[in-house]
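Read through the structure below, which is laid out as structure tokens, and then see the notes.
The values are calculated or read from the model by the stated rules, or taken from the named source; none is laboratory data. All values reported here derive from a predicted model rather than from experimental measurement. As a convention, Cβ positions derive from the backbone with ideal geometry for all residues, glycine included, and neighbour counts pool all protein chains shown. Only protein heavy atoms, including side chains, enter the accessible area calculation; ligands, DNA and RNA are left aside. Shrake-Rupley method; radii C 1.70, N 1.55, O 1.52, S 1.80 Å.
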Amino acid sequence: QHRPKPIPQLSRKTALQRLLSTLAILEQRDGKLNMSSLASISAAQKLGGSIHGFVAGGNVKSVAEEASKVDGLEKVVYVENSDYDRGLPENWAPLLVENINKGGYTHVFAGHSAFGKNLMPRVAALLNVQQISDITEIQSEDTFVRPIYAGNALLTVQTEDSPKLITIRGTAFQAGAVEGGSASVEEGTDPKAPCPTEWVSENLAKSDRPELATAEKVVSGGRGLKSKEEFDRLMPPLADALGAAIGASRAAVDSGFADNSLQVGQTGKNVAPQLYLCAGISGAIQHLAGMKDSKVIAAINKDADAPIFQVADVGLVGDLFDIVPELTEKLQKE
Ligand code: FAD
């Protein structure tokens, strides 16, 4: 009779766990640590063993020193070279391979961000291992859980690869605070691999509002907003009244109501704020995949049968063009 292999639990510290060592890739931009990339460290803490952080770019020694304060880190390895500032995977991949081999790590974690998604498959190819994407749970040192089919099923993956190259879903592992730690800071090796790709320019959407992926509150608009003019008229005042980030459905993005960087969902950002308030969004599974882990979901929709109400904690059936301005006004008065 076939018996499934029992999955070892992480509750007891085994001798194996003490041999584990994780390299957590930290992202930085213009000398500032990207807080959402700290989720890799939280994930590594769940695994156990020693944890090193890795950061690269021009003038990153100060970033490495800041990262050394993150609780749980034993060491921060840094490579100071402005060639790594743009996060191009073509020269980052050989850089990581060199430092992974030098450190002899059992696990390498990066955020499931645009940077991590771009980089880790190339590193995996160079190391001849299978990358594991977007994990939400660590069951043991070789067994991980990841959502598939737009979050409708959970896949448990077991791997014998070494090292294990993994991207982390940030919303599943709360990033720790930059305090309490006192990691050593050490210079890594720089292979100075040639980069066949030239970075030309980038066009970033600038906003004073909280960052969508890590915001405590998110207000999102969908196709029900009807036009870019209406989206811009109704959503920013509501967001500002709540101190929230703005998100959008893919239909709203594709229709040009909102910038692509605001898309929430399977092919957009994953968010898990305390409050997700959406208006004019039907609740397609691809949208739910990016926001259903939010603590409180509030939805405004004129169709009482809209699927969004199946996941909403609070639902308001009605015309958003009446409800949103009224709600905004009441919140502004508070
Ligand atoms: P609709 O489904 O058109 O819904 C509009 C809603 O607004 C309706 O429920 C309607 O009742 C309501 N409404 C209209 N007027 C008003 C009003 N005056 N007052 C109140 N309510 C009103 N979608 C995403 O969002 N994110 C993704 O990442 C994503 N990835 C995808 C990946 C793939 C491979 C595929 C195939 C699809 C993906 N989609 C994604 C698209 C997804 O399937 C839906 O088409 C999309 O989410 C619909 O957006 P919506 O809810 O804004 O529009």
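Numbers at a glance
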{"read-out": "Nearest 10 degrees, 0 to 90: helix 89-103 Cα axis against the chain principal axis", "value": "50"}
{"read-out": "Nitroxide proxy distance, nm - points 7 Å out along Cα→Cβ at Gln158 and Glu202", "value": "4.0"}
{"read-out": "DSSP-defined antiparallel bridges as percent of all bridges, the chain, nearest 5", "value": "20"}
{"read-out": "Sparse-neighbour loop sites [trypsin sites (Lys or Arg not before Pro); region 258-334; at most 12 other C-beta within 10 Å; DSSP]", "value": "Lys295"}
{"read-out": "Accessible surface of Ser162 - all protein chains present, 1.4 Å probe, nearest 10 Å²", "value": "90"}
{"read-out": "With Cα atoms, 0 to 90° folded angle of helix 114-127 axis to the chain main axis", "value": "30"}
{"read-out": "Degrees between helix 320-333 axis and first principal axis of the chain (Cα, 0 to 90, nearest 10)", "value": "70"}
{"read-out": "Over region 237-334, volume per residue of the alpha carbon convex hull, in Å³", "value": "95"}
{"read-out": "Lys/Arg +1, Asp/Glu -1 at C-beta; the chain dipole; positive extreme among Thr267, Leu155, Asn118", "value": "Leu155"}
{"read-out": "Peptides ranked, highest mean first, by Cβ atoms within 10 Å: ranges 278-291, 172-185", "value": "278-291, 172-185"}
{"read-out": "Relative pair counts by distance (%), Cα atoms of the chain, 10 Å bins", "value": "6, 24, 29, 23, 14, 4, 0"}
{"read-out": "Region 175-244: Rg to Rh, with Rh as the Kirkwood radius over Cα pairs", "value": "1.19"}
{"read-out": "Accessible-area order (highest first, 1.4 angstrom probe) of the listed residues Trp92, Trp199", "value": "Trp199, Trp92"}
{"read-out": "Accessible area of the chain divided out per residue, in Å², using a probe of 1.4 angstrom", "value": "51"}
{"read-out": "Signed unit charges on C-beta, dipole axis of region 201-334, positive-most listed residue Met235, Cys278, Phe321", "value": "Cys278"}
{"read-out": "Förster-model FRET efficiency, 25 Å R0, Lys333 and Arg233, C-beta, rounded to 0.05", "value": "0.85"}
{"read-out": "Sulfur and carbon atoms: percent of accessible area, region 125-188 [1.4 Å]", "value": "40"}
{"read-out": "Size of electric dipole in the chain: Cβ of Lys, Arg +1 and of Asp, Glu -1, about Cα centre, debye, nearest 20", "value": "920"}
{"read-out": "Ordering of 257-265, 64-72 by burial proxy (mean other Cβ atoms within 10 Å per residue, highest first)", "value": "257-265, 64-72"}
{"read-out": "Alpha-carbon gyration tensor eigenvalues x 5, square-rooted, for region 163-281, Å", "value": "33, 21, 14"}
